[in-house]
1. Taking every alpha carbon pair in the chain, what does the distance histogram look like in 10 angstrom bins from 0, in percent?
2. Over the chain, with a Gaussian network built from C-alpha contacts below 10 Å, which listed residue (69, 118, 89) shows the highest mean-square fluctuation?
3. Looking only at the range 55-78, which residues have a backbone nitrogen under 17 Å from a spot 7 Å from the Cα of residue 92 in the C-beta direction?
4. Percent antiparallel among DSSP beta bridges with both residues in the chain, to the nearest 5?
5. Can you list the residues of the range 60-77 with backbone N under 18 Å from a point 7 Å past the Cα of residue 116, pointing along Cα to Cβ?
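Laboratory data are not the source of any read-out in this text; all were calculated from the coordinates shown. The shown structure was predicted, so the numbers you read here are calculated from the model rather than taken from an experiment. With ideal geometry, Cβ positions are generated from the backbone for all residues, glycine too; neighbour counts draw on all protein chains shown.
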């Protein structure tokens, strides 16, 4: 089983933004910290989940358990629905990837349990643009 911790961060609304992904399990220990286009925090959270799903799909088709501190993202995935048009394409891509796994779970966790992904997302904000 892969455990995928994701977090998005934004310094402003919109502002400099980054994503952090921490993946462990099945012999993997992967940390990703990437700067993304300036956006708001919710959008950064969706991008972090999508990127985490893409990476997980490269590593397994088995069991994937995602953890996020974003209630908006977790609820959208659980309900397979989001009202805000801005997130619909991202959610569709996320759900399409989720269907490729034998088992897929997503769970909301409090901030203090998502420190690794949070640190990676915050560090990404301060990286130079490519």
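1. All Cα pairs considered, the percentages come to 14, 48, 33, 5.
2. For the chain, modelled as a Gaussian network with Cα springs under 10 Å, the answer is 89.
3. Residues 77 fall inside that zone.
4. 65 percent
5. From the range 60-77, the list is 60, 63-70.
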